[in-house]
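Below is one structure, written out as structure tokens; the observations come after it.
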Amino acid sequence: MEFNPGTPIWAQLVTEFSRRIATGEWPAGSRILAVRELASEVGVNPNTAQRALAELERLELCRTERTAGRFVTDDADRIDVVRAELATEAARAYVRTARGLQMPLPHAQALIEKEWHDHDHDDNEEPRNA
């Protein structure tokens, strides 16, 4: 994982782990790797991973079961809220970029629709052999 030097690593991990939950990469109710394993996977100090996971708990995206480890929340509504928050931030970034390029709103909307439909097509394709 590549990190932005302008943002604390633990905060970037919270965003990444939230994305994993929102996309189903970490399914609702699934067990999250142990802190040391997760830290090794993303290339950070275990204390940094621990801080990110503690924040996920505070955000009610995971829970700790004393002897069994950490688990992704089963609360589908909470996951939907996070999904909307992540999409909103992506939309804000796109709007900032499009406005910075002096792009008219109809053109910006047309680009989103094109990308949306292009990805619909990609989702329906058979996997390609490399």
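Remarks
- The residues of segment 36-75 that are of a type in the set (A, V, I, L, M, F, W, C) and within 16 Å of E25 (Cβ to Cβ), listed by number, are L38, V42, A52, L53, L56, L61, C62, F71, V72.
- Selection status of Q109, more than 23 Å from the chain's Cα centre (by Cα) and at positive phi: no
- Residue selection: R20 fails the criterion of being assigned to a helix (DSSP H, G or I), in contact with a Pro (Cβ under 8 Å, 6 or more places away or on another chain) and charged (D, E, K, R).
- Top-ranked residue of segment 10-21 - restricted to ones that are among the β-branched types (V, I, T) and buried (at least 19 other Cβ atoms within 10 Å of the Cβ), ranked as nearest to V44 (Cα to Cα): V14
- Residue in segment 87-96 that is on the phi > 0 side of the Ramachandran plot and in contact with a helix residue (DSSP H, G or I) (Cβ under 9 Å, 6 or more places away or on another chain) present: no
- Sole residue being more than 15 Å from the chain's Cα centre (by Cα) and more than 30 Å from I112 (Cβ to Cβ), chosen from A76, A54: A54
Values quoted throughout were computed directly from the atomic coordinates according to the rules given, and no laboratory measurement underlies them. All values reported here derive from a predicted model rather than from experimental measurement. For neighbour counting, all protein chains shown are included, and Cβ atoms are generated from backbone atoms with ideal geometry for every residue, glycine included.
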